[in-house]
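Encoded as structure tokens, the structure appears first; notes follow it.
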């Protein structure tokens, strides 16, 4: 590389997003980039000319290792959606002026489907104007809902945390006995895609039954069928654990969380902010059955639990970061790095690049055939798909009993 | 030992309670006990003659290691309170008849203050009736609220999990920017004692500010002072994280969670079941300040997260289990094993036995001088007390990417 590289992080935090950042930095440096800039809070921050020189933060190999183990976006993130080019050219002119000032040869954006929309628009604008900067996306989302890639970095670690936590919650549920039993509803992230919720099944094994029911947002949710199922289960066992997606909807299209009182907030991409699905269902079951109920939201813990990250995930996140820089250096633009699974056993996975136009704003849902007929559990095929992605651990760097992260000042 | 030993688990689950069970089993066997029985669901189960022979479950050294790493009560637990002896002698006669049938020389009960009430009453009854069985308590509670012991097994692992999770939540909070900032309220267990909530301060270090405010149940909570504090913090930083105990109360003695709509359930020991403190405060702050808020309940995850257990805690839990059997074998009864800290640096801790009459039904609270004057944070002394208890890790036995536990059928 002859010029400089700029990298940004966008969308929701994950436990692996900073491993991709470390991969981008290392490969850019190895390929001769003079400077590797990090935009603070993605494109939104870039528009305000907020960026840092990553060399000032990643000074040693230990810093790079700490960065791989640091959760959430080290550079800060955003949910900013670029306007269409014909709607507001000025925004694009501003961004490209900043890129020129910084002599940016490659622009790498680590994010999910909304972030790939940014890569698409910026690379389109570069083509239209004949600008030489190359734009490559690096997949990242715990939701695992990106098209054309076998899976997304960030998903494996979240899935491992969910499987591990569910197993602990299930054990906890059998401790105390209640006259009419205990029903625990665990709410898991995933607005439209059930990849995370399905990962609850990873807790199942020789030493654990796994959750009793799993409800994905892809399948219409029926409150009364649900209540009947729980009743039947309580006749057989004293503690029932149900994994539900935050995004489950009833037949008329309403989110379950909206059935009770709930917050109704819409973000910049038009997504409703959901909360309270588990609380609603726990109250509903308590009313219907009269048993003890408990609602548990895994909340932001599931996306930022780097202390329990998957080694496969952290390594792949690092690889796709490097692959994105390599692709840009070799002339690709308007592309996203994808993971291609070569085999399940032994698990082998490589990277390729695909046209970002085929990825942006699309959502990959759990295939119907990976959910049982009743819509109450994922199949063995689902588990076989996820299992390789949660293998191995990344031992945290423990300092005084707590994992150490790479320092970042919040007001930098 | 010439006869048999019976051991029970009582009260809330912890990540370390089964390590004490492993310690009881190993020491009883080493000291010549013929059988080591486990009562299922504590004294409540014993009254129904529900017990197992532990040798059928702990067959190998690997089983014992798995048991140490298995969260929640392997034997099942209860919150059963024995009647006073003069109120209902029949209950005691029934228990002692079962003990005689099983030729029980030592009765070990692993639990918190309510469980020590059981040891007290049973040992009193044995003295009154001249019965030879000896009754010894083994401390266990994430709440760390037992009198006369430096700390309780279970607390260190919960504290480590809380410190680790808070650090991840704090990082997550700085990712995305919100026009008026983000306030995250993290609700932590502890009805009357703030030991767990104070452990949130463990997240503070060179790489993390720690939570901005910590509210313990020992200190009266003032909603408007709280709101003012948060406003001031939001002027300085974009993301504010507050750790609150589930049990914080306002000046008139009402639980904060009762200020909104909340469940009002009283258990057998007269404890109110609380929920919703964080939710209430998040709504309150959103209303007062208009910023984005988030409520996170660490819920049962904090007590059963054996995947992130403290090595010091797991080893001490094992030791107190062994020490309880040793004490009973050497003639003690009506006693509880306590942990005695010999030094902080290097941390050294031994065991002793103390009269259970001085422990049962008492609660050790966080000393006022370990909270700052304003009542909004714990002091360095608090952190220095907890820090040694979270040291070291217990590597989980990972099978296919998920920690393995010792198998236990829920219907045994």
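Read-outs: derived from the displayed coordinates by stated rules, not from any lab. These numbers were taken from a predicted model, which means no experiment stands behind them. Please note: Cβ atoms are built from the backbone with ideal geometry, for glycine as well, and neighbour counts cover all protein chains shown.
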Take peptide B:308-316, look around each residue's Cβ out to 10 angstrom, count Cβ atoms belonging to other protein chains, and average those counts. 1
Helix axis angle, B:89-101 relative to chain B longest principal axis, alpha carbon, degrees: 60 degrees
Over the range B:103-174, what is the relative contact order in percent, taking alpha-carbon pairs closer than 8 angstrom and at least six residues apart? 27 percent
Between B:71, B:217, B:179, which gets the highest mean-square fluctuation from a Gaussian network model of chain B, Cα cutoff 10 Å? B:179
Is the range B:158-304 rounded, prolate or oblate when judged by the Cα gyration tensor, a ≥ b ≥ c being the square roots of its eigenvalues, rounded requiring a/c under 1.5 and prolate requiring a/b larger than b/c? oblate
Taking 8 Å as the Cα distance limit and 6 or more residues as the minimum spacing, I'd like the relative contact order of the range B:158-304 as a percentage. 32 percent
Among A:105, A:87, A:177, residue whose mean-square fluctuation peaks in a GNM of chain A (springs only between Cα atoms under 10 Å): A:87
When each copy gets a label point 7 Å from Cα toward the beta-carbon at residue A:235, what are the spacings between them in nm, shortest first? 6.4
Length-normalised contact order of chain A in % [C-alpha pairs under 8 Å, at least 6 apart]: 23 percent
Descending Cα extents along the principal axes, the range B:338-385, whole Å: 37, 32, 9
Angle between chain B longest axis and helix B:223-236 axis [Cα atoms, degrees, rounded to 10]: 60 degrees
Say a label goes 7 Å from Cα toward Cβ at residue A:259 in every copy; what distances in nm does this one have to the rest, shortest first? 3.1
With Rh as the Kirkwood radius over Cα pairs, the range B:1-126 has Rg/Rh of 0.96
Using Cα springs under 10 Å in a Gaussian network model of chain B, which residue among B:300, B:60, B:351 shows the largest mean-square fluctuation? B:60
On the formula 1/(1 + (r/R0)^6), with r taken between the Cβ atoms of residue B:49 and residue B:399 and R0 of 35 Å, the FRET efficiency rounded to 0.05 is 0.50
Test of understanding: express the Cα radius of gyration of the range B:303-392 as a ratio to 2.2 N^0.38 Å, with N the residue count. 1.29
Summing -39500 (n - 2.57) over every DSSP H run of at least 4 residues in chain B and dividing by its residue count gives a helix-only mean residue ellipticity at 222 nm, to the nearest 500 deg cm²/dmol, of -10500 deg cm²/dmol
Nearest 10, in degrees from 0 to 90: the angle of helix B:155-173 to the longest Cα principal axis of chain B is 20 degrees
Cβ-vector label at 7 Å, residue A:350, separations to other copies in nm: 6.5
Normalise the Cα radius of gyration of chain B by 2.2 N^0.38 Å (N = residues in it) and let me know the number. 1.02
Listed with the fewest Cβ neighbours within 10 Å leading, B:406, A:40 appear as B:406, A:40
Give the Debye-formula value of log10 I(q)/I(0) at each listed q (0.05, 0.06, 0.07, 0.10 Å⁻¹), with one equal scatterer per alpha carbon of the protein assembly as shown, two decimals each. -0.27, -0.39, -0.52, -1.03
What FRET efficiency, computed as 1/(1 + (r/R0)^6) with R0 = 45 Å and r the Cβ-Cβ distance, is obtained for residue B:384 and residue B:288, rounded to the nearest 0.05? 0.80
